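Remarks on the structure that follows.
The values are calculated or read from the model by the stated rules, or taken from the named source; none is laboratory data. Small disclaimer: the values here were computed from a predicted structure and weren't measured. Glycine also receives a Cβ, built like all others from the backbone with ideal geometry; neighbour counts cover every protein chain displayed. These accessible areas exclude ligands, DNA and RNA; they are computed on the full protein's heavy atoms, side chains included. Shrake-Rupley method; radii C 1.70, N 1.55, O 1.52, S 1.80 Å.
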Amino acid sequence: MGFGFGQRRGGQLPVELTSFVGRGEELALIRAAFDTARLVTLVGPGGVGKSRTALRAAGVLQGRFPDGVWLAELSALHDPELVPAILAAVLELPEQSGMTPLDAVVAHLQGRRLLIVLDTCEHLVDACAMLADTLLREAAGISVLATSRQPLDVPGEHCLPVAPLEQEAALDLFVQRAAAALPGFTASPDSRDQLMALVDRLDGIPLALELAAVRLRAVPLAELAARLDHRFEVLTGGRRTALTRHQTLRTAIGWSHELCTPRERLLWARLSVFAGSFTLSAAEQVCADGELGRAEVLEALIGLVDKSVVQRVGEDGGRYRLLDTIREYGAVWLDDTGGAGPARQRHFAYCEALVARFWDDLVTPAQIALHHAVRDEIADVRAALDHAYADRSRAAPALWLAARLGPYWRAAGTLSEGRHWIDKGLALVPENTPERAWGLFMTGVFAMWTADLETALERFPQARAAAGRAGESRVAMFADAYLGALTALGGAVEEGLAELERARLLIVASDDRLGIGVVHCEGALLRGVLGDTSGALELCGTGLRYLESTGERQLYGSMVTVQGIILWLSGEHEASEDPLRRGLEAAGELGEVLVAALACLGLAWHAARRERYVRAGWLMGYAHNARRLSGDPVAMLPRLLEESEAIREQVRTALGAAEFERWSEAGARMGGRQILEAVRADADLPETAETPGAPPLPAARATVPRSRRDRTTDALTRREREVAALVAQGLSNREIAERLVISKRTADAHVEHILAKLGITSRTEIPALPET
């Protein structure tokens, strides 16, 4: 559900960019484990291939889970309190009034059958254990596949150790990676003994093998084996003593480190401050200084990519990342050389500059691109906040950074995370400063958005007082508007509206673009709640005319959707449809799930009015699943709940209870992009994620055994079926790429996925399927 503002769009599994080698026994054990257990944890040392094995297993298991496989990548997260919020974001759940992220996750998962992959749990093991235990107890259809360097120790957990590769698989991996690094490289009978000795020396650890393979670009195999052997002899004092696997991996990484140039080693260390992926521009801004010039960063980065220390990621390969074990090594080196402090300060400055652009250009056509930019860097924003709060002298700038992300926290559906970071800063900045005033104000706004009037009544007066003492006139002006609204909601309607109008006129006179948008949007909703329909529509019109001239989309989407709902409730049904459609489009651009849900609710009313009851059913299902109206500030609009319930009953009666539940459930399982496409197409029957053209059966149904052919065919995506049909016709991967206008690497990945899902090892075994 939602528009994909999670860490990876919709939590989907990433495409494999390199071949998957071995692990047939492990994959069979994982499949078998899920026959009897609902929590399976892959346990093993760093670099052994836990994540890669888990992702391949998850792809194979997709057919078992009608509601899909959802990946939560935790390596970049360091605050255990945010683990439930991260999973909520992956599942694309919006904030629910009065519900913690964990409660929202549980409520969403009950009645569904899906697999959650929790990748890299060891540094958050207690929080992951609590989450897994809660999900297993309260959502009977949920299974969890975790990776960790230690067990979660949860009742019912089935632990599977991931060992290094067997000798033949390790040899195969090394040869494949060596061939990728040095085209034309093959394993010959003459070189087999050297290769076997090399992979044995590296204990079959995949990461160690990959790091060693790229060295063949610089030295021949015999010299590589000799140098590596010498490196281990130095460590063991010349004894052929077996090292622990941890020592083996660190030795392999350390050897790669020694083979880097001084500038590459320096860049490696400084790149360790990035919690997530990064761009070249980010690397230049964070890692360059007098010792390493900006012009030298690119050359050093290319060298690290060539040595497999840094990986290229992203659809266009324009971002980079360090694997966890390699980042850890760099971080230790950075600490040992005394460079951690300056590097982290530059990292915070980079995040601060990004957030400053986001805030300053929020009410401009750049808004959407800036939202996406923050989303791409959110792992590093979290890391910057975490490190800044650890140094009390930097708490005020960190608080200001967190407060300015308020619009992002809302669009991403993560207001609880936003309040977490702001409250952390407020605890460290007790004095009346502009930063504290903004923090108090923004958490008051969060409270209004979630109908938490008690918190709003506490925070806005505090924000107003702090702003007055700190001379922060902008917060004072904004707070006065909200205080007027609270006064009106408290029963003193005339007094409150007068206060709000004075504040509105002051904001308009100041030409504050953000303030003008907000005061008209919130003021329109307030007047609608108070029953002043004409006043609400007048404010909507004024605000929309202003926002349309700015290119802003977030406030525009909210306001035009509220306008559509108020028009409907006031009896102007025909006039309400266009604003609702425009609101849904704007919500789709930013990922505003709550706004999209409200627009879909109104569009469901239109469908019912035209007796298009199936369409009304799935639109209502999506809206109800995404936006539970209990405690929602929009639900305070007169007649909204009554209208919603009356039309719901009308649709139920027209379809019959069973059909209504069927289509409502179909809507609840739809993603935001599917909803947007179905509404644009004016479709009566949506294409659901599970089966095109038909709704899924209820998630709680009993499992019906299926033949292997049925199960594996269902597991293939539409694109994979197209590729499978072409493979069966005898086309090569390059010919398939040309036919489908995709890259050969993408075609290779599709074939790998098809083989895995069908449980076969040769492309000749792929059955003939009709092209779709």
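Tabulated data
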| quantity | calculated |
| --- | --- |
| Every pair of residues 6+ apart whose Cβ atoms lie under 6 Å, when the first sits in the range 5-28 and is open to solvent by 30 Å² or more (accessible area, probe 1.4 Å) while the second is at pLDDT 80 or above and among the hydroxyl-bearing types (Ser, Thr, Tyr) | Glu26/Thr53 |
| Lone qualifier among Arg149, Arg177, Arg113, Arg137 - being among the basic types (Lys, Arg), within 30 Å of Ala666 (Cα to Cα) and over 21 Å from the mean Cα position of the chain (by Cα) | Arg137 |
| Close pairs from the range 433-460: first under 22 Å from Leu594 (Cβ atoms), partner among the basic types (Lys, Arg), Cβ under 6 Å, at least 6 apart | Thr443/Arg419; Thr443/Arg459; Gly444/Arg459; Phe446/Arg419 |
| Within the range 502-537, considering residues that are touching a helix residue (DSSP H, G or I) at 6+ places or on another chain (Cβ under 9 Å) and without any contact (Cβ under 8 Å) to a residue 12 or more places away in the chain, the one nearest to Arg639 (Cα to Cα) | Asp532 |
| Qualifying residue in the range 162-170 (condition: open to solvent by less than 50 Å² (accessible area, probe 1.4 Å), part of a helix (DSSP H, G or I) and within 23 Å of Lys50 (Cβ to Cβ)) | yes |
| Any hit, the range 550-558, residues being surrounded by 19 or more Cβ atoms within 10 Å (Cβ to Cβ) and assigned to a loop (DSSP other than H, G, I, E, B) | yes |
| All positions within the range 121-134 that are in contact with a strand residue (DSSP E or B) (Cβ under 6 Å, 6 or more places away or on another chain) and surrounded by 22 or more Cβ atoms within 10 Å (Cβ to Cβ) | Cys121, Cys128, Ala132 |
| Every residue from the range 260-280 that is charged (D, E, K, R) and at pLDDT below 95 | Arg263, Glu264, Arg265 |
| Candidate set from the range 449-501 (those that are at positive phi and at pLDDT below 90); member that is surrounded by the most Cβ atoms within 10 Å (Cβ to Cβ) | Ala451 |
| Set Gly317, Gly254, Gly290, Gly303: member being on the phi > 0 side of the Ramachandran plot, modelled with pLDDT under 90 and small (Gly, Ala, Ser) | Gly317 |
| Only listed residue being closer than 23 Å to Leu580 by Cβ and in contact with an Asp or Glu (Cβ under 6 Å, 6 or more places away or on another chain), chosen from Arg553, Arg527 | Arg553 |
| Entirely in the range 317-436, the helices (runs of 4 or more DSSP H) that have 1 or more residues that are among the β-branched types (Val, Ile, Thr) and open to solvent by 30 Å² or more (accessible area, probe 1.4 Å) | 324-336, 367-389 |
| Residues of the range 102-120 classified as part of a helix (DSSP H, G or I) and open to solvent by less than 30 Å² (accessible area, probe 1.4 Å), total | 5 |
| Residue match in the range 78-99 (condition: touching a Cys at 6+ places or on another chain (Cβ under 8 Å), of a type outside the set (Phe, Trp, Tyr) and within 21 Å of Asp386 (Cα to Cα)) | yes |
| Residues that are small (Gly, Ala, Ser), part of a loop (DSSP other than H, G, I, E, B) and closer than 22 Å to Thr251 by Cα, drawn from the range 176-210 | Gly204 |
| Cβ-Cβ under 7 Å pairs, at least 6 apart or on other chains, the range 46-67 side over 23 Å from Ala170 (Cβ atoms), far side of a type in the set (Gly, Ala, Ser) and open to solvent by 10 Å² or more (accessible area, probe 1.4 Å) | Gln62/Ala715; Gly63/Ala715 |
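Let's see how each residue does on (1) modelled with pLDDT of 80 or more; (2) in a helix (DSSP H, G or I):
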{"residue": "Gly2", "(1), (2)": "no, no"}
{"residue": "Phe20", "(1), (2)": "yes, no"}
{"residue": "Glu25", "(1), (2)": "yes, yes"}
{"residue": "Gly46", "(1), (2)": "no, no"}
{"residue": "Gly63", "(1), (2)": "yes, yes"}
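Rundown of residues vs (1) part of a helix (DSSP H, G or I); (2) at pLDDT 70 or above; (3) open to solvent by 40 Å² or more (accessible area, probe 1.4 Å); (4) among the polar types (S, T, N, Q), yes/no style:
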| position | (1), (2), (3), (4) |
| --- | --- |
| Glu233 | yes, no, yes, no |
| Gln247 | yes, no, yes, yes |
| Arg250 | yes, yes, yes, no |
| Glu258 | yes, yes, yes, no |
| Ala282 | yes, yes, no, no |
